[in-house]
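This report refers to the structure that appears directly beneath it.
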Amino acid sequence: MELAYYSDYAVRLVNSEEPVRGKDVLTSVEAVRDLFGANSSAARRATDADVTRFRSVRARLRSVFEAADGGDETLAVDLLNSLLLEFPVSPQISGHDHRDDDGRPLWHMHLADHPSNATAGFAAIAAMGLAFHLTEFGVDRLGLCQAAPCRNAYLDTSTNRSRRYCSDRCATRANVAAYRARKRLEAERPESSGRAAESAQRATPNGERRSAPSGR
């Protein structure tokens, strides 16, 4: 299982809430189980009590993204380290579910969790995946969408560190808004220039320019 898959756990959980819009889909045990994706065996451990626990971990993970997005690398790392200490995992080599054309195992790293509940298991994987992403690519690769009012989390995997939006939809919306703002500004400039010229003309009697005194 690729480490990028694990870091996506953190993104999925953080984006289950949109604070600015007042939206939160994490309201039931079914919503908790959906966050596990294909990991159905882990999802089955979830109970109603995990809803509140998941929300608590979500707030802490969002704080990591907020610190990274604000340029505070030390705070982002400290917050993530606290999660890693609280929710540890055991790296293991796995290959039982993946075979090559000759039937040989395709060995890969697997993060084995030993949770007391579903939240602990999810938090351990999410925190470790995010830690791998941060140390491999940099803190500035953790971002929050710049298309207001969206503040969804994302992981920047672009080659030039240029990502600013959580999705193509938000990027398009932001570009359209910027285009309309430029058009409004362009439309206001001739009108403002016309008003300024008219005001200057009214300030001069008969609309004529006064000549400077000759000094004689």
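The values are calculated or read from the model by the stated rules, or taken from the named source; none is laboratory data. Just so it is clear, the model here is predicted, and its values are computed rather than measured. Cβ: placed from backbone, ideal geometry, glycine included. Neighbour counts: every protein chain shown.
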> How many residues does the range 19-55 contain that are assigned to a loop (DSSP other than H, G, I, E, B) and over 24 Å from the mean Cα position of the chain (by Cα)?
Replying inline: 5
> On the given criteria, is residue 80 under 17 Å from residue 6 (Cβ atoms) and modelled with pLDDT of 95 or more?
Replying inline: yes
>> For the list (1) within 30 Å of residue 168 (Cβ to Cβ); (2) in a helix (DSSP H, G or I); (3) touching a residue at least 40 places away in the same chain (Cβ under 8 Å); (4) of a type outside the set (A, V, I, L, M, F, W, C), I need the number of the one condition that residue 121 fails.
In response: (1)
> Yes or no: residue 70 more than 24 Å from residue 37 (Cβ to Cβ) and modelled with pLDDT of 90 or more?
Replying inline: yes
> If you check every pair at least six apart or on different chains, which have Cβ atoms under 8 Å apart with a residue in the range 27-55 that is not assigned by TED's automatic domain parsing to the domain that holds residue 124 and modelled with pLDDT of 95 or more first and a residue that is hydrophobic (A, V, I, L, M, F, W, C) and surrounded by 12 or more Cβ atoms within 10 Å (Cβ to Cβ) second?
Replying inline: none
> Taking residue 140, is it acidic (Asp, Glu), at pLDDT 85 or above and surrounded by 16 or more Cβ atoms within 10 Å (Cβ to Cβ)?
Replying inline: no
> Across the range 143-187, what is the number of residues that are of a type in the set (Asp, Glu) and either at pLDDT 95 or above or farther than 29 Å from residue 76 by Cα (or both)?
Replying inline: 1
